[in-house]
Amino acid sequence: SSLIAHLLEWVGVKACLAGNIGRPMLDCEDEATDWWVIELSSYQISDLVAKPDITVLLNICEEHLDWHRGFENYKADKLRIVRLTSDGKLIASFSDQALTEILRHHPAVTWFNKPGAWQAGATCVFRQCGKPGQRPVSGFEPSAISQNHVDAPASLPGEHNMQNLAAALTVLDEMGLEYPRLDEALASFRGLPHRLQQIGVKNGINFIDDSISTTPFSVAAALQSIGSHDLVLILGGMDRGLDWSGFAASVSDCPPHAVITIPDNGQRIFNCLKAAVDEPDRGLHAAGALKEAVVLAEKLVPENGYILMYPGAPSFPHFRDYEDRGQQFAKNSGF
């Protein structure tokens, strides 16, 4: 959402970033905005009254199951946005198997991560051919195909960010916008606080804050970005009953150097990893609190290694919010 808003502003479109990110919607003035970029959670979509011009769906994964009371309810509530977009443009990831199955009969999906469209690589986005004859949206004319390969800037590390970039460029294409000097536009983008944010280096050790992470799915994505070599991983937070077996399987071949779990779901994660993962070089550990976990991590981390606080769960009830959790991680780490 931040990336879409940034690119729209870069090409001269007045965009307002709102919803769960940016300004609260009630604090936004209509007349100062050409386009709204609104980030919504699945539970907000469940009773949303709106007709989006463009909807972007990135994935279907277990999230907010405590609120939705089960995965099927979550999926139904999130996919309600598809019906609300009946008169608009629907953009979705072809690499997400759940979405491709659910939307296989939808008459008008624009896919990314599909041959011929923008696709995410490990360190770039690319497309094999252009998309002539695009339908313009809200008065914009179709853009010329000016660039088919874009390398990742420093502010967008990892394949999951390339997924975001592929989605954002697809949005601009569907709006019919040209985006000259794309490399400059991306170089000026700043990643989100608490999202794979390097907060400092101490005694050669890199401290990385990803407090905004609330799902096992996002933890796996982060490890794909930075690897697990020489990494001490701090996991855990509010227990919403999510299944960590998929995450455990994804790291079983190459586990982090050490894993430290924290309450409240730390024991659940610990047990899941214990059953599925060969013992990391410096083991699996359960800490009673974040401060204790940081102290232990500094003892376990190898020279020039990484300490990554990537909880994969909400911050409640031990912190005010994810920002507070990230700030406490930085403070306990000496920054």
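Of note:
- Near pairs, Cβ below 6 angstrom, 6+ apart or cross-chain, from segment 178-194 (of a type in the set (Phe, Trp, Tyr)) to any residue that is at pLDDT 90 or above and surrounded by 14 or more Cβ atoms within 10 Å (Cβ to Cβ): 179/11; 179/172; 189/6
- Residues considered: 256, 311, 263. Of these, the only one that is farther than 17 Å from residue 217 by Cα and either over 21 Å from the mean Cα position of the chain (by Cα) or open to solvent by less than 20 Å² (accessible area, probe 1.4 Å) (or both) is 263.
- On the stretch given as segment 34-48, residues that are under 25 Å from residue 71 (Cβ atoms) and either of a type in the set (S, T, N, Q) or part of a loop (DSSP other than H, G, I, E, B) (or both) total 7.
- Contact map, segment 1-12: first residue of a type in the set (Ser, Thr, Tyr), second residue buried (at least 18 other Cβ atoms within 10 Å of the Cβ), Cβ cut-off under 6 Å, separation 6 or more or different chains; pairs are 1/37.
- Complete set of residues in segment 94-111 that are open to solvent by 40 Å² or more (accessible area, probe 1.4 Å) and either of a type outside the set (A, V, I, L, M, F, W, C) or without any contact (Cβ under 8 Å) to a residue 24 or more places away in the chain (or both): 94, 95, 97, 101, 104, 105, 106, 107, 108
- Residue check, residue 56 β-branched (Val, Ile, Thr), over 22 Å from residue 174 (Cα atoms) and not in a helix (DSSP H, G or I): no
- Taking the criterion of being outside any loop (DSSP other than H, G, I, E, B), within 10 Å of residue 126 (Cβ to Cβ) and open to solvent by 50 Å² or more (accessible area, probe 1.4 Å), the residues of segment 147-165 that qualify are 149, 151.
- The sole residue among 50, 98, 92 that is aliphatic (A, V, I, L, M) and more than 29 Å from residue 128 (Cβ to Cβ) is 50.
- Of all residues in segment 77-93 being in a loop (DSSP other than H, G, I, E, B) and not charged (D, E, K, R), the one that is surrounded by the most Cβ atoms within 10 Å (Cβ to Cβ): 85
- Residues located in segment 96-127, provided they are of a type in the set (A, V, I, L, M, F, W, C), part of a loop (DSSP other than H, G, I, E, B) and under 22 Å from residue 227 (Cα atoms): 122
- Matching entry among 32, 18 (being loosely packed, with under 15 Cβ neighbours inside 10 Å and either in contact with a His (Cβ under 6 Å, 6 or more places away or on another chain) or among the aliphatic types (A, V, I, L, M) (or both)): 32
- Complete set of residues in segment 285-298 that are open to solvent by 20 Å² or more (accessible area, probe 1.4 Å) and touching a strand residue (DSSP E or B) at 6+ places or on another chain (Cβ under 9 Å): 285, 286, 292, 296, 298
Table: residues versus (1) open to solvent by 10 Å² or more (accessible area, probe 1.4 Å); (2) over 26 Å from residue 162 (Cα atoms); (3) acidic (Asp, Glu).
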{"site": "183", "(1), (2), (3)": "yes, no, yes"}
{"site": "186", "(1), (2), (3)": "no, no, no"}
{"site": "202", "(1), (2), (3)": "yes, yes, no"}
{"site": "269", "(1), (2), (3)": "no, yes, no"}
{"site": "279", "(1), (2), (3)": "yes, yes, yes"}
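The values are calculated or read from the model by the stated rules, or taken from the named source; none is laboratory data. All values derive from a computational prediction rather than experimental measurement. Positions of Cβ are backbone-derived with ideal geometry, glycine not excepted, and every protein chain shown enters the neighbour counts. Note: accessible area is taken over every heavy atom of the protein model, side chains too, but ligands, DNA and RNA are not part of it. Shrake-Rupley method; radii C 1.70, N 1.55, O 1.52, S 1.80 Å.
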